[in-house]
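Undergrad: Here's a structure for you.
The values are calculated or read from the model by the stated rules, or taken from the named source; none is laboratory data. What you are looking at is a predicted structure, and each value in this text was computed from that prediction instead of being measured. Here Cβ is always computed from backbone atoms with ideal geometry, including for glycine, and neighbour counts include all displayed protein chains. Side chains included, ligands, DNA and RNA excluded: accessible areas come from the protein's heavy atoms. Shrake-Rupley method; radii C 1.70, N 1.55, O 1.52, S 1.80 Å.
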Amino acid sequence: MKKLLVCCLLFAAVPVLAQDYYGLEDYGLSKNTTRVEFYGGAVLPQDNWEPNGKDLGGTGWTAGIGFIRNLTPVFALGMDGNYAQLGDGEKDASHAYYRTGIATGLVTGRVNFFPKQATRVYIPFGLGIGHVFARQKFSDGSHRTVDGTDLAGMLGAGLEFDLDDSLVFGVEGRYYLLNAADEIKDTFGKDRYHHFLVMLKMGCRF
């Protein structure tokens, strides 16, 4: 009788154990799902942000939001908006300095590796527009701003982790290349500008 009772209890436990195990299928990426991501971190401008001896800014901060739709577990399309604020540039002999910002809006794609796993590597890329403004601030409190909008492109790499069946946490690095609009090009004498972003992100999928 005791053996029969033990057998019954074991058979009764199997569905419960199976339910917990197969719940892991909720992790990973599925087609026709949408995700919204919020991210922030540091912007690292490269040497060409010092055109003709004018320091347009150093390491600063960045924040953005992205929407991604998985067409398949491996490939996704979406949209991304980012703002990067460079740190204030060095003061010149007249104590004037530049404060520079970069806003981008991109149509993005993403290739996912190990899409069925709870930990994944991915490559994001995008193409769209980038708006750059450089505000020169003078010691008397006045300022002069030059700005312009032109093409922008992005390529990156990231690593993300499923926290549960809907929340995702990750780290991501991106490289941005921006064409200089006429006003920016005429003022600083550079055709292109590039910078890196290093970010943490939090996403929610549904």
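Undergrad: Across region 155-206, which residue is nearest to the chain's Cα centre (by Cα) among those that are within 18 Å of Phe133 (Cα to Cα) and among the polar types (S, T, N, Q)?
TA: Among those residues, the one meeting the criterion is Asn179.
Undergrad: Here's another thing I want to ask about it. Looking only at region 88-110, count every residue that is over 18 Å from Phe133 (Cβ atoms) and charged (D, E, K, R) and tell me the total.
TA: Adding up the residues that qualify gives 4.
Undergrad: In region 125-156, which residues are of a type in the set (S, T, N, Q) and either under 11 Å from Ala180 (Cβ atoms) or open to solvent by less than 20 Å² (accessible area, probe 1.4 Å) (or both)?
TA: Correct list: Thr149 only.
Undergrad: While we're on this one: Kindly list, by first and then second residue, each pair from a residue in region 50-64 that is over 15 Å from Val132 (Cα atoms) to a residue that is at pLDDT below 90 and exposed (fewer than 15 other Cβ atoms within 10 Å of the Cβ), limited to pairs with Cβ atoms under 6 Å and residues at least 6 apart or on different chains.
TA: Asn52/Gly189
Undergrad: List pairs: first in region 150-163 and free of Cβ contacts under 8 Å to residues at least 40 places away in the same chain, second among the polar types (S, T, N, Q), Cβ under 8 Å, 6+ apart or cross-chain?
TA: These pairs meet every condition: Asp150/Asn179; Leu151/Asn179.
Undergrad: Kindly establish whether Leu44 is closer than 30 Å to Gly189 by Cα, aliphatic (A, V, I, L, M), at pLDDT 90 or above and open to solvent by 30 Å² or more (accessible area, probe 1.4 Å).
TA: yes
Undergrad: Of everything in region 59-80 that's open to solvent by 30 Å² or more (accessible area, probe 1.4 Å) and under 12 Å from the mean Cα position of the chain (by Cα), which residue is nearest to Gln136 (Cα to Cα)?
TA: Filtering region 59-80 for residues that are open to solvent by 30 Å² or more (accessible area, probe 1.4 Å) and under 12 Å from the mean Cα position of the chain (by Cα), the one nearest to Gln136 (Cα to Cα) comes out as Ala63.
Undergrad: Continuing with the same structure: If Ala103 passes every condition in (1) within 30 Å of Phe138 (Cβ to Cβ); (2) open to solvent by 30 Å² or more (accessible area, probe 1.4 Å); (3) touching a Ser or Thr at 6+ places or on another chain (Cβ under 7 Å); (4) at pLDDT 95 or above but one, which one does it miss?
TA: (3)
Undergrad: Oh, and also: Tell me yes or no: at least one residue of region 106-122 is under 19 Å from the mean Cα position of the chain (by Cα), under 27 Å from Ser139 (Cα atoms) and touching a residue at least 12 places away in the same chain (Cβ under 8 Å).
TA: Within region 106-122, not a single residue is under 19 Å from the mean Cα position of the chain (by Cα), under 27 Å from Ser139 (Cα atoms) and touching a residue at least 12 places away in the same chain (Cβ under 8 Å).
Undergrad: Test each condition in (1) modelled with pLDDT of 95 or more; (2) touching a Ser or Thr at 6+ places or on another chain (Cβ under 7 Å) for Ala181 and report the one that comes out false.
TA: Status for Ala181: all satisfied but (1).
Undergrad: Can you report the number of residues in region 113-124 which are surrounded by 17 or more Cβ atoms within 10 Å (Cβ to Cβ) and either under 22 Å from Asp191 (Cα atoms) or of a type in the set (Ser, Thr, Tyr) (or both)?
TA: Pass one, region 113-124, residues surrounded by 17 or more Cβ atoms within 10 Å (Cβ to Cβ): 115, 120, 122, 124.
Restricting the remaining residues to those that are either under 22 Å from Asp191 (Cα atoms) or of a type in the set (Ser, Thr, Tyr) (or both) gives 122.
The qualifying residues number 1.
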